[in-house]
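Single-structure report; data block below.
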Protein chains: 2
Amino acid sequence: MRNRSVTYSSEATFQALADPTRRAVLDLLRRGSQPAGEIARAFPVSRPAISKHLRLLRRAHLVQEHRQGRNRVYHLNPEPLRAVDSWLDQYRTFWKMSLTNLKRFVEAEYSKETNQGHAPKSNRKTSKGDL
Amino acid sequence: MRNRSVTYSSEATFQALADPTRRAVLDLLRRGSQPAGEIARAFPVSRPAISKHLRLLRRAHLVQEHRQGRNRVYHLNPEPLRAVDSWLDQYRTFWKMSLTNLKRFVEAEYSKETNQGHAPKSNRKTSKGDL
DNA sequence: ATGATCTGTAACCCTACAGTTACACGACGG
DNA sequence: CCGTCGTGTAACTGTAGGGTTACAGATCAT
């Protein structure tokens, strides 16, 4: 129940992913769940620092915590990453094209209409025929 | 000439992607290159604010600028996003599993060895057989 | 009960950044 | 040459983030 199609704020997700330590925490958790202290010991920074990182990750629902005695075991929740994935998906077609060609195309495209419209007008999205 | 396999700092990339406005700028540029002013007009914030966003995006090599008369035309460079994609790739297998099952698995896994080792030791990475 | 352990949080730095307004400078059009 | 346009940047403010140390609360062993 409420397992599928829960929408997470991709805002919080992207923001959580911005910090290298947090990404490393996720990478660590990918190998298996760990209690907070254990996680902290894997990093050069202080334990409270990691605790705050975990708070952010929790806020983004990228990790979930469950108490286990006096430990707080954290485990990964990859679900919010789907949003990142689908955002990224819109760009995948782009990096299939040669960059220099894309650049040339765009430059030509723009100088063709220097003071009318600026971008390729409607949904004329860089059709491969131009390359 | 240094066209392929240029390594971008995924650090700068993730950080650039953290801001919603910058992601929107990229989304905009996906429709076609535009001069700075044009981009700025698409957002509620001031033009210098966008200029600074563009600086960050430039720093992350997510956009490239080329002068065109007195305009500075920005175009998208999706290349650094590959790093994000490949980082994300390590998580794709995870979100194929049911979350509740994953959770149960991990909990069981941990309580099995409460005070010995904490994580599934070596590279025993949640083989699908457990679900 | 008592003390050690695990953890989160508050209080406090300092830096980065998103936003603003004001300004500087090159490019164009007369 | 002069005004305007397009753009970047400096100066400044407010806020959030990441780091620290010190402390508080819960749990466990004795």
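The values are calculated or read from the model by the stated rules, or taken from the named source; none is laboratory data. The structure displayed is predicted, hence computed values, not measured ones. Virtual Cβ from ideal backbone geometry, glycine too; neighbours counted across all protein chains shown. Note: accessible area is taken over every heavy atom of the protein model, side chains too, but ligands, DNA and RNA are not part of it. Shrake-Rupley method; radii C 1.70, N 1.55, O 1.52, S 1.80 Å.
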Any chance the range B:41-64 includes a residue that's more than 22 Å from B:Glu11 (Cα to Cα) and at pLDDT below 95?
no
Condition set within 16 Å of DNA strand D (Cβ to nearest atom) and in a loop (DSSP other than H, G, I, E, B), scope the range A:51-87, selection most open to solvent (accessible area, probe 1.4 Å): answer is A:Arg70
Report whether or not A:Glu11 is open to solvent by 40 Å² or more (accessible area, probe 1.4 Å) and under 21 Å from the mean Cα position of the chain (by Cα).
yes
Of the residues in the range B:54-71, those that are over 16 Å from the mean Cα position of the chain (by Cα) and within 16 Å of B:Ala18 (Cβ to Cβ) come to B:Leu54, B:Arg55
Can you run down the residue pairs with Cβ atoms below 8 Å, 6 or more apart or on separate chains, where the first is in the range A:7-21 and closer than 22 Å to A:Ile50 by Cβ and the partner is open to solvent by 60 Å² or more (accessible area, probe 1.4 Å) and charged (D, E, K, R)?
A:Ala12/A:Arg59; A:Ala16/A:Arg59; A:Pro20/B:Glu11
Report, by residue number, each residue of the range A:15-43 that is more than 7 Å from chain B (Cβ to nearest Cβ), under 22 Å from the mean Cα position of the chain (by Cα) and away from DNA strand D (no atom under 11 Å from the Cβ).
A:Leu26, A:Asp27, A:Leu28, A:Leu29, A:Ile39
Looking at the range B:29-49, which of its residues are in a loop (DSSP other than H, G, I, E, B), closer than 18 Å to B:Gln64 by Cα and in contact (Cβ under 8 Å) with a residue 24 or more places away in the chain?
B:Ser33
Among the residues of the range A:62-73, is there at least one that is at the interface with another protein chain (Cβ under 9 Å from one of its Cβ atoms), away from DNA strand C (no atom under 13 Å from the Cβ) and not acidic (Asp, Glu)?
no
Is it the case, given these coordinates, that A:Tyr110 is modelled with pLDDT of 55 or more and part of a helix (DSSP H, G or I)?
no
